[in-house]
1. Among the residues of the range 1-39, which ones are among the hydroxyl-bearing types (Ser, Thr, Tyr) and either surrounded by fewer than 18 Cβ atoms within 10 Å (Cβ to Cβ) or at positive phi (or both)?
2. Can you name the residue in the range 124-167 that is charged (D, E, K, R) and touching a residue at least 40 places away in the same chain (Cβ under 8 Å) and, of all such residues, is surrounded by the fewest Cβ atoms within 10 Å (Cβ to Cβ)?
3. Can you tell me which residue within the range 54-66, out of those that are surrounded by fewer than 24 Cβ atoms within 10 Å (Cβ to Cβ) and aliphatic (A, V, I, L, M), is farthest from Gln19 (Cα to Cα)?
4. What's the number of the only condition in (1) more than 17 Å from Asp56 (Cα to Cα); (2) surrounded by fewer than 19 Cβ atoms within 10 Å (Cβ to Cβ); (3) over 16 Å from the mean Cα position of the chain (by Cα) that Pro110 fails to meet?
5. Only one residue in Arg112, Arg46, Arg72, Arg130 is of a type in the set (D, E, K, R) and closer than 16 Å to Ser2 by Cα, so which one is that?
6. Six or more apart or on different chains, Cβ atoms under 8 Å: show the pairs whose first residue is in the range 199-214 and of a type in the set (Val, Ile, Thr) and whose second is modelled with pLDDT of 95 or more and surrounded by fewer than 12 Cβ atoms within 10 Å (Cβ to Cβ).
7. When only residues in the range 70-121 that are among the hydroxyl-bearing types (Ser, Thr, Tyr) and assigned to a strand (DSSP E or B) count, which is nearest to Ala48 (Cα to Cα)?
8. Kindly indicate whether any position in the range 168-189 is free of Cβ contacts under 8 Å to residues at least 24 places away in the same chain and either touching a strand residue (DSSP E or B) at 6+ places or on another chain (Cβ under 7 Å) or crowded, with 21+ Cβ neighbours inside 10 Å (or both).
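The values are calculated or read from the model by the stated rules, or taken from the named source; none is laboratory data. Just so you know, these numbers come straight off a predicted model, no measurement behind them. Please note: Cβ atoms are built from the backbone with ideal geometry, for glycine as well, and neighbour counts cover all protein chains shown.
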Amino acid sequence: MSVVTAAERPGLWETTAAQNLFAGLWPEYNHHGKHAGAYFAALIPRYAHLQVLVVDDRFGDVIARGRTIPFRWDGGLETLPNGIDALGLAGLRGGGTPTSLSALAAEVVPERQGQGVSSVIIGAMTSLARDNGLDPLVAPVRPSWKDRHPLVPIEQYAAWQREDGLPYDPWLRVHVRLGGQILRSEPRSLEITAPVTDWEQWTGMRFPDDGEYVFPGGLTPLSVRDGIGCYWEPNVWVRHTVN
């Protein structure tokens, strides 16, 4: 496998995006964040040197993608952005020389999942941070099994461990095995607010009354009020030391 940045291979990055190789990895609702479109769209060309592709050298196929954004952070828990939306918007605003790098998404094509490729992406993002003088690398991790337990608070879920002391959640476990330190949970990290008709289309469900609804793929319940569905996706902040 080889790792290249969007700045090194802009044509490959554009082709990969046009092919929508990673679109099916996310639940449909995840493509409709209230703020996410703004900061994800700004990554290219502004931060092209901080976006990575993993390529299978045997066939030349792109098998994974890592998207990141630099931001200014003094290392204190109290000054860490309140989730991925706050982080992305802070990265867009700038405000001083960036000191740290945050992952936004680490994506592996379905046929290569479970083969250790996600660890390659995390390692590549750590190397990007080091090469660009950014320390630490942090990640607002979307726990991969949280949708199995949508009613459990994220703080409680993130603390679950296996008998070997590693996190119960597989994606958190990957980060910890690579030296990641769990910092804190964020119950209100990614906002998705849209008309109920949109939510019904995205989920294949009906939401006929005001209330709280568990839905397929949701990490927490959807709150419906007056024809509007509001959902806050939780994340877990993980820190990787670079130097």
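1. Ser2, Thr15
2. Arg130
3. Ranking the qualifying residues of the range 54-66, first place goes to Val55.
4. Only one criterion is unmet by Pro110, namely (1).
5. None of the others qualify; the one that does is Arg112.
6. Sorted first by the residue in the range 199-214, then by its partner, the pairs are Val214/Leu151.
7. For the range 70-121, the residue satisfying everything is Ser102.
8. Yes, that holds for at least one residue.
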